[in-house]
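Structure first, commentary second.
Just so it is clear, none of the values below were taken in a lab; they were calculated from the coordinates. A quick note: this is a predicted structure, and the numbers were derived from the prediction, not measured. Here the Cβ positions follow ideal geometry from the backbone for every residue, glycine too, while neighbour counts run over all protein chains shown.
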Amino acid sequence: METKKPETVNEREAEYGMYSYADYLTWPIDEVVELIKGIRFKKAAAAPKRIHQRVSLKLATKLFTFLEGKKCQVYDAPFDVRFLKGSKEDHKIHDVVQPDICVICDPEKLDERGCLGAPDLIVEILSPGNNKTELKHKYKLYESHGVREYWIIHPENQNLMIYTLVNGSYVPSRLLTSGDVVQSDVLEGFVLDLEDFFKDIE
């Protein structure tokens, strides 16, 4: 009779999605981890590339300036976003991510630990270590939980894709790059000239 090989932790996680926000809160503070459907996604231990940080800081600053005095608020990573499926209890929350930038227009979703519910706009800035997670797992997560607008920025290629939620499904823009002027459907009046935005980022 063949003896079944013991499961590894990764195999159990992939099959069962065993973790919750309650578990997440017990992990070391210097370990950057996200949860999607109860499965751990550990981010790279090294800091993001300098170009990633330049893009993040510049865009977050533009959003902060635009939103000053308005109801919507912008936050950049590290900032926990917890997605709900009914219960608000920590042990029943299985989706916790740290988007590079997010905008929340409902102040009721904000608490001392971050955002509880879907932000209105999320920006993810790609780096070599996170492309698969951003393009596959987070896309489905954000769409299913009703994030109204999802931006994916590729800093090295200096381009941008925008996914806008229409009747519960994301509709993609064309690939936006230098020469394009981007307007947000969620943040009325916010305009981003990509040529101007990327001109001093390298």
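Observations on the structure shown:
- Computed from the alpha carbon positions, the gyration tensor of the chain leads to an equivalent ellipsoid with semi-axes of 31, 20, 16 Å, biggest first.
- Along segment 53-67 the Karplus relation, 6.51 cos²θ - 1.76 cosθ + 1.60 evaluated at θ = phi - 60°, assigns HN-Hα couplings of 5, 5, 4, 4, 5, 5, 5, 4, 5, 4, 5, 4, 5, 5, 8 Hz to successive residues, with x for each Gly and Pro.
- Isolated Cys residues of the chain, judged by Cβ distance under 4.7 Å to other cysteines: C102, C115
- Using θ = phi - 60° and Karplus 6.51 cos²θ - 1.76 cosθ + 1.60, couplings along segment 96-112 (whole Hz; Gly, Pro as x): 9, 10, 10, x, 4, 9, 9, 10, 10, 9, 10, x, 5, 7, 9, 9, 5
- Once the Cα-Cα distance is subtracted from the 0.36 nm per residue extended length, the D30 to K62 segment shows a gain of 8.7 nm.
- Relative contact order of segment 46-198, defined on C-alpha pairs under 8 angstrom at six or more residues apart (%): 16 percent
- Around the amide H of D80, modelled in the peptide plane, lie the amide H atoms of C115, all under 5 Å away and 5 or more residues distant in sequence or on another chain.
- Shape of segment 115-202, Cα gyration tensor, a/c cut at 1.5: oblate
- Each of V182, Q158, L25 was scored by the projection of its Cα onto the charge dipole of the chain, and the greatest displacement toward the positive side belongs to L25; charges sit on the C-beta of Lys, Arg, Asp and Glu.
- Cut-off under 5 Å, modelled amide H: who pairs with I93 long-range: Y21, A22
- Förster-model FRET efficiency, 41 Å R0, N167 and L110, C-beta, rounded to 0.05: 0.90
- Among G114, G189, G168: highest mean-square fluctuation, GNM of the chain, C-alpha pairs under 10 Å: G189
- Amide H within-cut-off set for V33, under 5 Å, with H built and near neighbours excluded: K43
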